[in-house]
Amino acid sequence: LCPDVIIYSAAVSACEKGGQWQRALILVADMPRQEVRPNVITYSAAASACEKGGQWEKALHLLGLMAQSDVESDIVSFCAAISACGRSGEWMQALRVFNMLMQSRMALNTIACNSVISALESGAEWLKALQVFTGMSCDKVEVDTITRNAAISTCEKAGEWDTALQLFGEALESNVKLDVLTCNPVIGACEKVGKWEAVLQLLNVMAQHAAEMDTITCIAALSACQKG
């Protein structure tokens, strides 16, 4: 049985699911020797394998190979590269790939936006994160809980407590289900600047919405009150 692109793509996909990024790249490299041309499915699966393995440079290399081979990148390959960069703390590279995605005029999706916002969170680049966040509405991309949580957390890490509160207020207006991932960053941001009254109001909101508190919530609230 001579291997073809379907067999290779299935094998690369199996490696991706099994967390075997090295094997996925070996298979991609072997394809030209077997006179088999990788397609977008092959490359996307390999990029996803690299993303899961935290191999951001190799994920970017695959994007470059796709361009050299005249294989049009898809949203999966872009998302994998952005996420790989974000997981490694390479927010500048993640933003560069995101800008490439936008320039391609390919339709943005929530996963791509969430990935770049999370990457910007690691660098406390709150202004850039907010630009992506606000741009999602203009591009008619759905904003989900992960999006809001990442944007709020970015503001907390940058010390932008008032912006974090604003985003939290927008979340309330959207009737999203509150949890500690949404509330703790806002409480933490207010605690850092001694806004104990705001912290108490946030605790009250959590109680009203039956949102469970954890140890981080309680410690931050106590610290805020001590500072006040």
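The values are calculated or read from the model by the stated rules, or taken from the named source; none is laboratory data. Model, not experiment: these values are computed from the prediction. As a convention, Cβ positions derive from the backbone with ideal geometry for all residues, glycine included, and neighbour counts pool all protein chains shown. Just the protein is used for accessible areas: all its heavy atoms, side chains included, with ligands, DNA and RNA removed. Shrake-Rupley method; radii C 1.70, N 1.55, O 1.52, S 1.80 Å.
Structure notes:
- Accessible area per residue for the range 22-156 is 48 Å², calculated with a 1.4 Å probe on protein heavy atoms, without ligands, DNA or RNA.
- Among the GluC sites (Glu not before Pro) in the range 54-133, those located in a DSSP loop and surrounded by at most 15 other Cβ atoms within 10 Å of their own Cβ are GLU72.
- Tail weight of P(r) past 23 Å, computed on alpha-carbon pairs of the range 1-146, percent: 35
- The loop-placed trypsin sites (Lys or Arg not before Pro) in the range 136-213, going by DSSP, that have at most 16 neighbouring Cβ atoms within 10 Å of their Cβ come out as LYS140, LYS177.
- The chain - percent of accessible surface contributed by carbon and sulfur, probe 1.4 Å: 54
- Helix 196-208 vs. the chain, principal-axis angle (Cα, 0 to 90°, nearest 10): 70
- When you filter the trypsin sites (Lys or Arg not before Pro) in the range 1-108 for DSSP loop state and at most 10 other Cβ atoms inside 10 Å of their Cβ, you are left with ARG105.
- Across the chain, the mean sequence separation of Cα contacts (distance under 8 Å, 6 or more residues apart), normalised by length, yields a relative contact order of 11 percent.
- Kirkwood analysis of the range 96-135, using all unique Cα-Cα pairs, places the hydrodynamic radius at 10.3 Å.
- Here the chain is assigned +1 on the Cβ of each Lys and Arg and -1 on the Cβ of each Asp and Glu. Its dipole about the Cα centre then comes out at about 320 debye.
- Solvent-accessible surface (1.4 angstrom probe) belonging to CYS138, in square angstrom, nearest 10: 110
- Within the straight-line cut-off of under 28 Å between alpha carbons, the lysines reachable from LYS17 are LYS52, LYS58, sequence neighbours fewer than 8 places apart in one chain being disregarded.
- Summed residue charge, Cβ within 14 Å of GLN166's Cβ, Lys/Arg positive, Asp/Glu negative: -3
- Qualifying aspartates and glutamates (Cα of each under 20 Å from Cα of LYS195; at least 8 residues distant if same chain): GLU156, GLU160, ASP162, GLU170, ASP214
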